[in-house]
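Please read the structure below before turning to the comments.
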Protein chains: 2
Amino acid sequence: PDQAAQAAAAAREPTLTKPPGALGRLESLALWLAGWQGRHPPQVETPRCVVFAGNHGVAALGVSAFPAAVTVQMVLNFERGGAAINQLCRANGVALEVVALDLDTPTADFTQAPALEEAEFLAAFRAGVEQGLRPADLLCLGEMGIANTTSAAALALALFGGTAEDWTGPGTGVHGAALSRKAEVVAAGAARHVPEASDALDLLRRLGGRELAAIAGAVVGARLNRVPVVLDGFICTAAAAALHALVPGALDHCVVGHASQEPGHRRVLDTLGQQALLDLDLRLGEASGAVTAVPILRAAAACHAGMATFAEAGVSDA
Amino acid sequence: PDQAAQAAAAAREPTLTKPPGALGRLESLALWLAGWQGRHPPQVETPRCVVFAGNHGVAALGVSAFPAAVTVQMVLNFERGGAAINQLCRANGVALEVVALDLDTPTADFTQAPALEEAEFLAAFRAGVEQGLRPADLLCLGEMGIANTTSAAALALALFGGTAEDWTGPGTGVHGAALSRKAEVVAAGAARHVPEASDALDLLRRLGGRELAAIAGAVVGARLNRVPVVLDGFICTAAAAALHALVPGALDHCVVGHASQEPGHRRVLDTLGQQALLDLDLRLGEASGAVTAVPILRAAAACHAGMATFAEAGVSDA
């Protein structure tokens, strides 16, 4: 982070007309925004949301409650303004961009082969970097891709260990025998690729998908571009966690908007040392949890920049 | 609540393009808004915030980290736009009104006499009812009043039992011996007035203050006016809790915006069976926690009203 901007924020904070610490996390978020935007005061005036979409070979294994065709159907729904993320972006003043990544070419079934070839992975990662480099003062990331909780669970298992059951949850609504089958797919994927992978990004290539690769790329691009990032739920956070596994501190410019009901998310958050801003039982993806948290960051910046000091307001200090 | 509006919301919810339940609490909030607004679809387009301010006789007992003069100084700060609540209302599109209640006449020291005479109590309560009756589709309530965590703690102790220490917290920043002294004041107030009080509203008169009475009045007025309410932290919720103690269900049209760091708040929330929408370590009052939560309610209404159905979007259902 930018030390000068963060120091300026830290100097201003205790002069504002409130008891010390009374704005709680809004105070620390203002300092975090200043540091990672490299600007004092920080601002949240041009937030963007990017939703990356991809298709997954493992969808053919019956790991989702919805057919694979729903990915492209939902991308059309995003483009026509009918999905939850459209309403959330409009309500919260966030610009939305949807990036469909080769939907006609699903990844390979990762129980049989790496999900992506190196060139495919790099193309998706680069598409993410380009999004991260676009102008914005805050970037929300999210995804759409039938079967991608399966990818995220396999990736998390490969990166952080434990059992397949630890990381496998209902996703869009898989229960009972289908959930057990999903955990078997997750276990098979991790077992196949962990021994052969060269590092955490290679695991992302082998077990992830194009939208997961793009999210990791966008996190990197935003860091280079001094844009703080709001991560979404399990899939988005698992994709970003590959960067953390590669380089601790790689996600210091990221917060997590919402703690998903998908059980693997809390486990990833614990691993990353992240505490989500919201906990409202969402489990939708689409960046819905990230965008729902944007007003909290806007509030933090607004209080920090706009409040009067004790001296300006003629209020007696404690 | 309006059963027809709530039923219409309940019928629409499962048709929207998302897995069932995937918007979590946003789904139940949409139904709650529809029921208490008596309208389908619900909307959050004209939210208001009212901050009531009052002065307290017990401030002379040294229970606050700030002098009593800060109440009127902060009201001026609100009027000039310099306080946290001004920034939060502006950032979240909430209209703000500040109602100063006889600041030149503090309540009586409740360890010696009832805080308010009956006529004073009714005037303050009525000022709140009038605010609740004004046009709005959502009403955030909050307060300012040096020493009013002491009033709120005494009221909560009188209403719900336990020990003075259970309900007494640092407020603006009281610790150590001063905190023990504050708990003694709380205990003395409850001990004096519980035996003499006729009911929960009489306890509110004896131990509360004008801003607490007005909050209770505003909750009642909003109910009559079909305006759902967002309560703030410990003081605001304790004042409203007097209505709950009088008539269970009296707060069914209320949610709590934020779980305060003031320890008594969580205890009141448990008593009321309320789960706050946010948990960001705030402990400021001024309706800051209520207004910070408004975008969540706006998001709930926006998703419910604006999302396409599976049929409209041509998305395959599970």
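Each reported figure results from applying straightforward, stated rules to the coordinates on display, with no laboratory input. The model shown is predicted, which means the values in this text are computed figures rather than measured ones. For neighbour counting, all protein chains shown are included, and Cβ atoms are generated from backbone atoms with ideal geometry for every residue, glycine included.
A few remarks follow.
- Summing Cβ point charges (Lys, Arg +1; Asp, Glu -1) relative to the Cα centre of the protein assembly as shown gives a dipole of roughly 340 debye.
- With a Förster radius of 41 Å applied to the beta-carbon distance between B:A119 and A:N225, the computed FRET efficiency rounds to 0.05.
- Values of log10 I(q)/I(0) for the stretch B:152-228 across q = 0.13, 0.24, 0.25 Å⁻¹ run -0.45, -1.05, -1.09, by the Debye formula with one identical scatterer at each alpha carbon and no solvent.
- Efficiency of FRET between B:A60 and B:S28 - r from beta-carbon atoms, R0 45 angstrom, step 0.05: 0.50
- Fewest-first ordering of B:E143, A:E184 by other beta carbons within 10 Å of each residue's beta carbon gives A:E184, B:E143.
- Inter-chain Cβ neighbour count for B:20-32, averaged per residue, equals 5 (cutoff 10 Å, partner chain atoms only).
- Residue closest to axis [chain B; rotation mapping onto A; Cβ; Å]: B:P295, 2
- For a label point 7 Å along the Cα-to-beta-carbon line of A:V194, residues of the stretch A:215-259 with backbone N under 17 Å: A:242, A:245-246
- Sorting the segments B:83-89, B:14-20, B:231-237 by their mean number of nearby beta carbons within 10 angstrom, highest to lowest, gives B:231-237, B:83-89, B:14-20.
- Per-q log10 I(q)/I(0), the protein assembly as shown, q = 0.05, 0.09, 0.10, 0.11 Å⁻¹ (Debye; single scatterer per alpha-carbon; no solvent): -0.24, -0.73, -0.87, -1.01
- Inter-copy label distances at B:V194, using a point 7 Å along Cα-to-Cβ, come to 5.8 nm with the shortest given first.
- Peptide-level mean, for B:275-286, of C-beta atoms on other protein chains within 10 Å: 5
- Placing a label point 7 Å from the Cα of A:D317 along the Cα-to-Cβ direction, the distances to the matching points in the other copies come to 6.3 nm, shortest first.
- Chain B, relative contact order in percent, only Cα pairs under 8 angstrom and at least six apart counted: 25
- Computed FRET value (nearest 0.05) for B:A69 with B:R126, which takes r as the C-beta separation and R₀ as 35 Å: 0.80
- Among the residues of A:11-17, the average count of other protein chain beta-carbon atoms within 10 Å of the residue beta-carbon is 2.
- The stretch A:1-76 and the stretch B:171-241: distance between their alpha carbon centers, rounded to Å: 37
- The Rg/Rh ratio for the stretch B:39-301, using Cα coordinates for both the radius of gyration and the Kirkwood hydrodynamic radius, is 0.94.
- Free-standing Cys residues across chain A, given no other cysteine C-beta under 4.7 angstrom: A:C89, A:C236, A:C254, A:C303
- Prolate/oblate/rounded label for the stretch B:60-134 (Cα gyration tensor, a/c 1.5): oblate
- For a modelled paramagnetic label at B:R80, 7 Å from Cα along Cα-to-Cβ, the residues of the stretch A:277-317 in reach, with backbone nitrogen under 12 Å, are A:308-316.
- Bridging of B:K182 to aspartates and glutamates at a Cα separation below 17 Å is possible for B:D109, B:E165, B:D166, B:E262, once same-chain residues fewer than 8 apart are set aside.
- Distances in nm from A:G21 to the matching label points in the other copies, shortest first (labels 7 Å along Cα to Cβ): 3.8
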